[in-house]
Structure formats: structure tokens, C-alpha cells
């Protein structure tokens, strides 16, 4: 059995009932306002956003397959709209996976997407999209500010970015706060027909990813070939035990990896986070 097959098998065993956040009350309405100062970006950033720059490439086709699978898993009896993307350790390509999945979903007429950078320790998404963020998630939570004021429109307008905001001295305190819980719940219920994709820090390195995982409808776990030892993958899945792991993206696979199945090639092998 290959490494990815073992990881997938373990992920399936660890699936549990998802823990939904409480619906926000009327007093939380300031978090639910529509964005007022969102900026439209004429062009996207680095070429590693293949879902935009090279939609006919083999790598982009793999993201389309991932998108189709996600749509199938999330649009069933009820729409599971809030998803988390993470990995066991750094350098596995979770941020690029989150960005390309968000782009691929937003290219469909039926889907709008909010992409949230929840990695306040080492934010990456604003660099990928070549934008200079002002305020972001951490600022809005710290200052009890309208989240919509930090939204940035991307590309054709179906994709919106919520940057991470300022680096925080104590991210665990930030993400365990009632303000953060209220903000996540507000995003989920304000946009019930929109995909909300949250890029988080690696599971084994920091505690905040586990805190966020209880609020989402599903987790996409990124594994880069040859990067994390199998024991690290198993340990990370153990940390996420009880949450809804939708699947594993096996990233950076060589041309012969997995017998050609879902091989994400080495296009972005030297640009991972």
C-alpha cells in the first residue's frame, strides 16, 4: 500500500461528526455587513496560480478534478460551504492548493468564493495574488471591526480575498477568543451560498488550526510527495480526529507517481509553503 493510500485510509477511519458553530445572534450583525471598500484587481499574481494563468495545463486539469470532487461532496442534502485547507508541516503546498481551488471554483457561474488567509504567523495568499493588504482578519477581530471592510475582490469578481491582517503576538489567544468564533460563524451564515475556503497553519506546528477545524464543514489535507514523513502525516490526522476530513491532496507527484493518477506534477515544486 502506498503512502497516500495509507493516509487516505487513515483519514477515512478518523472521520467524525462535524461540529457546527452556533448561528450568530442579532447583536453580531456588524460582522455580517457586505463589503464596502473592496478593491477589484485587474490581474493576478504569480504564475503558480495555474487555474487562472494556464487553465488548459495538466496541473490545472487536476484542480478541476479536485473542484468536481469537492462540489460532489459539499452539495448533497445541505450545502457544506466552509472548508479548511491544511497540511502536517510547512512546505507542502497548502496555500497554493487553497488558492488554485478557490480560483477554479470561482470560474464557474454558479459559485462565488471567499478565500480566507488564517495563517497570521506566515501569511502567503496576498503574495500569490499580488496585492498589498491593508487590514485583515486579525485586525477585524482585534478591533471588533466589520470583516467586509477588509475584503479584496480578485479577477472576475467571483473570488474575494480576506487577508490575514497584521501578525499577531499570540495567535492561539486570537483564535480561541469569542470574537473569532463570532467572526467565523458570521462568515458562514452571512454567505450560505458561497464557498468559504480557509488557509491555515500546518497542524503539527501550531494549535490554532485545530481550533478552527471545529467550525468548518470539511478539511482538505495536503501531502507533498517526499516532504512529511508518514508518521507526521499520521500524527496530524490524529490531531484532527473527530473532524470531517473530506480527502487528501497528494501534491508534487512525479510523472510516474500513483501510476499517473492525480499526479500534480512538479510545476510548483519550488514555490510551496
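Read-outs: derived from the displayed coordinates by stated rules, not from any lab. These numbers were taken from a predicted model, which means no experiment stands behind them. With ideal geometry, Cβ positions are generated from the backbone for all residues, glycine too; neighbour counts draw on all protein chains shown.
Going by average Cβ density within 10 Å per residue, which order do the peptides 168-176, 220-228 take, highest to lowest?
Peptide ranking by packing, descending: 220-228, 168-176.
Provide the packing ranking of 231-239, 89-97, i.e. peptides ordered by the mean count of other C-beta atoms within 10 Å per residue, highest first.
Averaged packing, sorted descending, gives the order 89-97, 231-239.
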